[in-house]
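The values are calculated or read from the model by the stated rules, or taken from the named source; none is laboratory data. Please read these numbers as outputs of a predicted model, since none were measured by experiment. Quick reminder, even Gly has a Cβ in these numbers, built from the backbone with ideal geometry, and neighbours come from all protein chains shown.
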Amino acid sequence: MASNHDKAKLSFDILGFIFTHYAEGETIRFPLETLLLVCRDWNRAALGHRALWSSFRIYLGHDDTSIMWNARLPQRLTRCGPDCSLDIDLRNILDLPDEVEAPEGTRGDELYNPWTCDPSAEPGSECECFNIARTCMETSLNELSGPNGKYCSRWRTLRLEPGHTPWRIGSGLLQDTLSYPTLNLKAVYFDHVRLEGTATDRLVLPNASNVHDVTILDCKLPSLHPFDSVCEAQIGWKDLSGDPMPIIALHGAKQAQRLTLWALSFATIQLPVQLHQLQALHIKGSHIPAELATIEFPLLNDLAVCWIAQNPISTIMGYRGIPIENLRRITITTPFESVEINSEDAYTEASESVLELFRRATSLRNVSSSGGALAVILKTLWDAIENGQYKGLYPSAKGSVERAWITDLKGGDTFELDGEETVESLQALCRQWLPYYEPEILVQRLIEPYSVIFPF
């Protein structure tokens, strides 16, 4: 007869759900190994769930984190067995430019504080922990590759972020580790991965033909394998440091469906001449590559641009390959509250480009923006009402089953446009979302920040 203790036992499957939930919130201080200490049953069950040990979130900070992972990594490789797919996330948290970019479990933890731990060092200098973390990152990835790259065929996802110091170059060990075939790799995320060499050297990630999701940011990879089968890509340069190399890894990615570009005016991203499957194109930064003007995007319905210096709307309107009439969502981001409006003529030009966009974008159902760009959009709309130009524009969806929306990216609020808007209702919305931009003096408010920054 079963005892009450036996009846109270959780099944293997239930424990699996508990363990998986715990693993999602794992930190360096509360690792998976804690599960082994609860009781004998949990110990056996945790060791029996081999896939539990196959996800390697290795976030490196000060020396103690490297010591911990040097001890844990071989054990975890053993516990996940010889067949599990491996998900690898390796990041040097000490060398991030902003704590906001760090994984949630590391923020505020003194183990990941970027300040030197050497009391005799100069403020702002690096302690030895920085070099230890960089070395540990490369040796950890090498261990995850197995002898002669044996485990690389098991890699399913790979994220590498060695650090954002621009002059740091990966060692020969890192280059060797990344030269093994990775036939089952599905997703790649490289941020500030830099290697020496030329395009004639051994390929980085050879035989990675099954990669469907790729991110390459601020990297120097002379011999990167082309990702022809990719469906989603984020590529380019977020930092303006170093000498960016041309990126050609996507020149054959004709099946891409989502593409995010961090482009620079003095660097090249080579893309296919046709992107017939692309549905979303997000352009970060102030530069819109001229190459986009010659590419066809017949299925494109989601477009995002960034308004920093020049008005991006007039630029994209001139690109014949972008089907403005098919767009259902347009996002105009602004990293600052203001946009470059230095005169009333500049405002008029910006407003006319918005008006033309709304005339042509007959399928549009959502416009998202913030700050000065959103102020321009709202004023353009109420001016259109006042001038009798509102009928037939994007927001005037009266009688349509599918309504149109405008979204404030900063606050996350949305406003439904039903074609019954008035000058007063849109001005009230402007006051609610953008208190700085009073409707009565909105154009002057747009000009003011630019005049302060560039007084001449």
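Out of the helices (runs of 4 or more DSSP H) lying entirely within the stretch 1-115, which hold 1 or more residues that are within 29 Å of the chain's Cα centre (by Cα), under 29 Å from THR177 (Cβ atoms) and among the aliphatic types (A, V, I, L, M)?
Here the list reads 12-24, 63-79.
Quick check on THR294: is it outside the structural domain of SER368 (by TED's automatic domain parsing), in contact (Cβ under 8 Å) with a residue 40 or more places away in the chain, within 23 Å of CYS231 (Cβ to Cβ) and among the hydroxyl-bearing types (Ser, Thr, Tyr)?
no
Under 6 Å between Cβ atoms, which residue pairs at least 6 apart in sequence (or on different chains) link something in the stretch 312-326 that is touching a residue at least 24 places away in the same chain (Cβ under 8 Å) and closer than 18 Å to HIS287 by Cβ with a partner that is aliphatic (A, V, I, L, M) and loosely packed, with under 15 Cβ neighbours inside 10 Å?
Pairs found: TYR319/ALA293.
May I ask you to say which residue of LEU144, LEU160 is in a helix (DSSP H, G or I), under 29 Å from CYS80 (Cα atoms) and touching a residue at least 40 places away in the same chain (Cβ under 8 Å)?
Every option except LEU144 fails the conditions.
Pick from the stretch 1-60 the residues that are at pLDDT below 80, exposed (fewer than 14 other Cβ atoms within 10 Å of the Cβ) and of a type in the set (Ser, Thr, Tyr): which of them is nearest to LEU94 (Cα to Cα)?
This residue is SER11.
How many of the residues in the stretch 201-225 are over 17 Å from the mean Cα position of the chain (by Cα), over 25 Å from SER171 (Cβ atoms) and crowded, with 17+ Cβ neighbours inside 10 Å?
Residues in the stretch 201-225 being over 17 Å from the mean Cα position of the chain (by Cα), over 25 Å from SER171 (Cβ atoms) and crowded, with 17+ Cβ neighbours inside 10 Å: 0 in total.
Conditions tested, residue by residue: (1) within 19 Å of LEU90 (Cα to Cα); (2) at pLDDT 90 or above.
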| position | (1), (2) |
| --- | --- |
| ASP213 | yes, yes |
| LEU217 | yes, yes |
| PHE227 | no, yes |
| VAL230 | no, yes |
| GLY252 | no, no |
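Which residue, of THR182, THR139, THR135, is buried (at least 21 other Cβ atoms within 10 Å of the Cβ), closer than 23 Å to LEU221 by Cα and not basic (Lys, Arg)? Steps first, answer last, please.
On the way: THR139 fails: buried (at least 21 other Cβ atoms within 10 Å of the Cβ); THR135 fails: buried (at least 21 other Cβ atoms within 10 Å of the Cβ).
Among THR182, THR139, THR135, only THR182 is buried (at least 21 other Cβ atoms within 10 Å of the Cβ), closer than 23 Å to LEU221 by Cα and not basic (Lys, Arg).
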